[in-house]
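Here's the structure we're looking at; comments come further down.
The values are calculated or read from the model by the stated rules, or taken from the named source; none is laboratory data. Worth saying up front: this structure is predicted, and the values here are computed from it rather than measured. Using ideal geometry, Cβ is built from the backbone for each residue, glycine included, and neighbour counts are taken over all protein chains shown. SASA here: full protein model, heavy atoms, side chains in, ligands and nucleic acids out. Shrake-Rupley method; radii C 1.70, N 1.55, O 1.52, S 1.80 Å.
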Amino acid sequence: MPGSPDRPEPDPDPGADVALGLNTPALSGIRRLSALDAVRARIGLAVDLGLLAPGERLPSSDRIAAALGVGEITARRALVSLCRDGVLERRRGRTGGTLVAERPARAAAETTAAFRSDSAAVRRLIDHRLVLECGVAHLAAARVDDDTLKRLDDLVAEMDEAPSWAEFHSCDERFHLAVAAATGLDSVTEPYSALLRDLYRYYLPYPMEALRASNAEHRALVEALRRHDAAGAADITRRHVEELHQTMFVGLLGGEGDTA
């Protein structure tokens with residue numbers, strides 16, 4: 001199980017910025033957070049922004065841990081802490097679990113501030129992903145094979161059936177990495193994987209209706225790849241990634257967190 005519940009978990013890839021080679025912006029804010037505070041910030045900010053609604057039940061701690069890249073003990077401690085802060089609440093019984101409080105308190109400013117302070121860097125990461133992923137989709141359309149198409153179909157179907165944002169997030173990562181692998185170029189897949197890891201550190205829990213809409217774009221991309229339509233695949237990807245400027249927390253914050 002990654003990391004330790006008693007100290008900050010290690011960066012999943014300390015060399016990611018070097019591998020990327022795209023003048024990656026410094027992501028100083030969240031790197032100062034412990035694993036525990038990073039989980040608190042991601043869930044707390046999702047509640048603040050209305051992505052998690054009052055009364056909404058959260059996934060189990062093990063699934064949250066897998067989705068957010070921390071140990072289960074860390075995820076559990078973060079949930080307990082957010083309950084203590086009044087952001088979440090714990091209910092017993094068959095219909096119980098950990099839920100967003102009916103009148104949730106605002107998340108602690110000291111934890112969400114790190115995300116807000118990195119807003120400008122996150123916007124640049126999205127632009128880096130846009131440049132790289134459009135090229136990935138264009139090349140993958142020429143080189144994709146039947147086995148990869150079957151895997152992508154399976155992942156789209158799995159995302160359609162995902163019961164929560166936690167399971168969806170894992171499938172989403174595997175989907176995009178599989179498209180990159182279809183290029184057959186390690187010189188592409190390695191920097192793309194590093195970029196995706198950096199950006200995924202900022203993903204928050206999202207409403208399932210928004211994730212289902214995102215998955216419709218995944219399905220359209222697979223069909224473009226199946227037709228070997230390079231221009232179509234690149235255009236679908238462009239729209240899919242550009243939308244992150246509005247749908248990730250940097251867009252939902254408006255100008256509040258945009259500091260250079």
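General remarks:
- Summarising the label geometry, the points placed 7 Å from Cα in the beta-carbon direction at Ala113 and Arg31 lie 1.9 nm from one another.
- Placing +1 on the Cβ of every Lys and Arg and -1 on the Cβ of every Asp and Glu, with nothing else charged, gives the chain a dipole about its Cα centre of roughly 900 debye.
- Restricting segment 94-137 to trypsin sites (Lys or Arg not before Pro) in coil, as DSSP defines it, with at most 13 other Cβ within 10 Å: Arg94, Arg106
- Both the radius of gyration and Dmax for the chain are 18.4, 54 Å, in that order, over alpha-carbon atoms.
- Positive end of the dipole of the chain (Cβ unit charges, origin at the Cα centre): among Ala142, Leu130, Pro54, the Cα lying farthest that way belongs to Pro54.
- Legend: calculated FRET efficiency, Cys83 to Thr247, from the Cβ-Cβ distance at R0 = 25 Å, rounded to 0.05, equals 0.35.
- For segment 55-152, size of Cβ-based charge dipole, Lys and Arg +1, Asp and Glu -1, in debye: 480
- By average C-beta atoms within 10 angstrom, highest first, the peptides 46-54, 233-241: 233-241, 46-54
- Candidate membrane-span-like segments in the chain, meaning DSSP H helices with Cα atoms spread over at least 30 Å of their own axis and a Kyte-Doolittle mean of -0.5 or above, are 119-143, with no membrane implied.
- Placing +1 on the Cβ of every Lys and Arg and -1 on the Cβ of every Asp and Glu, with no other charges, gives segment 101-165 a dipole of roughly 580 debye about its Cα centre.
- log10 of Debye I(q)/I(0), alpha-carbon scatterers only, for segment 34-152 at 0.16, 0.18, 0.20, 0.21 Å⁻¹: -0.83, -0.92, -1.02, -1.08
- Probe 1.4 Å - accessible area at Glu161, Å² to nearest ten: 140
- Label positions at Glu217 and Ser170, each projected 7 Å from the Cα along the C-beta direction, are separated by 2.4 nm.
- Theoretical gain in end-to-end length, Arg103 to Met208 [0.36 nm per residue, Cα-Cα removed]: 35.7 nm
- Computed with a 1.4 Å probe over protein heavy atoms only, the accessible area of Ser187 comes to about 90 Å².
- Calculated mean residue ellipticity at 222 nm for the chain: -20000 deg cm²/dmol, from DSSP H runs with n ≥ 4 weighted as -39500 (n - 2.57), summed, divided by the residue count and rounded to 500.
- Taking every alpha-carbon pair in segment 195-235 and binning the separations at 5 Å intervals from zero gives 6, 20, 16, 18, 21, 14, 4 percent.
- For the residues Ala182, Ala194, Ala216, a GNM of the chain with alpha-carbon springs under 10 Å puts the largest fluctuation on Ala216.
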